[in-house]
Amino acid sequence: MIGKEFLKKVFKNTGSDRVLYFMCIFLCVFGIVMIGDASVGMANKYGTAYAAINMIKQIVFVCAGTIGMTFLAHNYKKRKLSGKFLKLMYFIVLMSMFICLLWVINGTHAWIVLGPVTIQPVEFMKLTIILYLSYAFGELPRHYDFRKGSQKLKNELQDKLLKQCLVYPIAMAGFAFLVCAFIQKDLGSALIIGGISYVIFLCTDYSFFQKFKRLTYILIIALPVVFLMYSGLLKSHQLSRIDSWLHPLRDIYGQSYQIVNGLVGYVSGGLLGKGFGSSVMKFGYIPEAQNDYISAIIMEELGLIGFACIMIPYCYIIFVCFRYVFKVKESSDKLTLIGIAAYFLTHLFVNIGGVSGLIPMTGVPLLLISAGGSSTVVALLSIGIIQSIITKHNRDQLKEDYEYGL
């Protein structure tokens, strides 16, 4: 009975996008099935129960994320997110990223290990950055009125606006980027944080930010030059990934082993694939295939048809975000939708681009499909925030139509 009431609460929320819920549930269920399928190949190494354990863990994470998604869809309120609360949230997540230094997994300090469960704080940092920058660039500038008062007061307000709405937010996003890239040694997640932050900043609609946007264009052009000059800042494992990307056939049984086998998985599936469960690559050719390389298994077994099954829901999620960007009135809501769309889009591009050899592999999960509790929970929480914004807009629109007799 509880499950029935819970489903009613999810799908009968007036004004919500039910197709969006369906797409997310489809990706989660599809992911659970593919995680079990991809894990079978490592049963000889980890035991016959390995696939079942991975599926059960993912089911638990999906259930936890779904509860959080539903809660936010009904209770997320922009006015409750004060600057102090968001800064506290940022500080807590940042400290948890430093706690990760106590553990080393695959050459990085990106996880907190609690027995059989691992937590990746940087995934929560991505959502925190989206919410804080949306507030700082979209909501906070409205509190500064330059139309009244003396010139001295206007200058003081402008200095305060510069600090509170530009310097501090950029510094916080930049510091999170540096911690992730050079302390946790997780360059992929750092680039996603940087990309999301830059997209949100470019989409701000206040005239105050325009001159600073022009400076960022110069910065983007200069970044490749700085990267080439100071490439020594990169760690050996990061340099080896770039080298294996540039020369994938140079060491196919060493550095390029995984990327070459990922490419084999991609090209061997064809249109219809070899059939569900018929992957060869998951049997040791792609270690831990249920994680970042799960798209190669999907392509091998289900072909382009299976690949379309995951691309269509992702495209719909991103489309819905941008669709309501042009409908909602509040700047902070617009920036939140843009940030979440960038979050899904960058994850999709970096993961599939890395596995397919388009870009260097950086170890980023395929949201809602790859095995991973933190990324799954955060992705579902993001969907809950999207639904809350959509629901509020649609209800306000219905109220306006009713008042005007439309």
How far is helix 210-229 tilted off the main Cα axis of the chain, in degrees rounded to 10, range 0 to 90? 30
Any idea what angle helix 257-268 forms with the longest principal axis of the chain, computed on alpha-carbon atoms, 0 to 90 degrees, nearest 10? 90
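Could you give the length gained by full extension between F322 and T216, i.e. 0.36 nm per residue of separation minus their alpha carbon distance, to one decimal place? Before the final figure, lay out each step's value.
Numbers: separation 106, 0.36 × 106 = 38.16 nm, distance 2.31 nm.
Extra length from F322 to T216 when fully extended: 35.9 nm.
Using a/c under 1.5 as the rounded threshold, could you call region 1-404 rounded, prolate or oblate? The axes a ≥ b ≥ c are square roots of the C-alpha gyration tensor eigenvalues, and prolate needs a/b larger than b/c, oblate otherwise.
It is oblate, given that a/c is not under 1.5 and a/b is not larger than b/c.
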In whole Hz, what ³J(HN,Hα) sequence does region 85-100 give by Karplus (6.51, -1.76, 1.60; θ = phi - 60°), x for Gly and Pro? 5, 5, 5, 5, 4, 4, 4, 5, 5, 5, 5, 5, 5, 6, 4, 4
Spacing of the two label points (7 Å from each Cα toward its C-beta) at I56 and F22, in nm: 3.3
What accessible area per residue comes out for the chain, rounded to a whole number of Å², with a 1.4 Å probe? 49
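So what's the back-of-envelope 222 nm ellipticity for the chain, counting only DSSP H runs of four-plus at -39500 (n - 2.57) apiece and dividing by all residues, rounded to 500?
Working: 15 runs with 263 residues, N = 406.
Value at 222 nm, helices only: -22000 deg cm²/dmol.
What's the carbon and sulfur percent of the chain's accessible surface, probe 1.4 angstrom, rounded to a whole number?
The nonpolar share, carbon plus sulfur, comes to 69 percent.
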Per-residue ³J(HN,Hα) for region 360-371, Karplus 6.51 cos²θ - 1.76 cosθ + 1.60, θ = phi - 60°, Hz, x for Gly and Pro: x, 6, 10, x, 10, x, 8, 3, 6, 10, 5, 5
Simple SL model, points at 7 angstrom along Cα→Cβ for N155 and S278; separation in nm is 7.6
Excluding near-sequence neighbours (fewer than 8 apart on one chain), region 46-133 holds lysine pairs with C-alpha atoms under 24 Å apart numbering 8
Measure nothing fancy, just the Cα-based angle from helix 331-355's long axis to the longest principal axis of the chain, in degrees from 0 to 90, nearest 10. 20
Between the residues S356, G277, L191, the Cα farthest towards the positive end of the dipole of the chain, that dipole coming from +1 and -1 charges on the beta-carbon of Lys, Arg, Asp and Glu, is from L191
Give me a comma-separated list of calculated 3J(HN,Hα) values for region 189-197, in order, Karplus coefficients 6.51, -1.76, 1.60 applied at θ = phi - 60°, integers in Hz, x for any Gly or Pro. 5, 4, 5, 5, 4, x, x, 4, 4
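The values are calculated or read from the model by the stated rules, or taken from the named source; none is laboratory data. Everything quoted here is computed from the prediction, not taken from an experiment. Cβ: placed from backbone, ideal geometry, glycine included. Neighbour counts: every protein chain shown. Please note that ligands, DNA and RNA were not included when accessible areas were found on the heavy atoms of the full protein model with its side chains. Shrake-Rupley method; radii C 1.70, N 1.55, O 1.52, S 1.80 Å.
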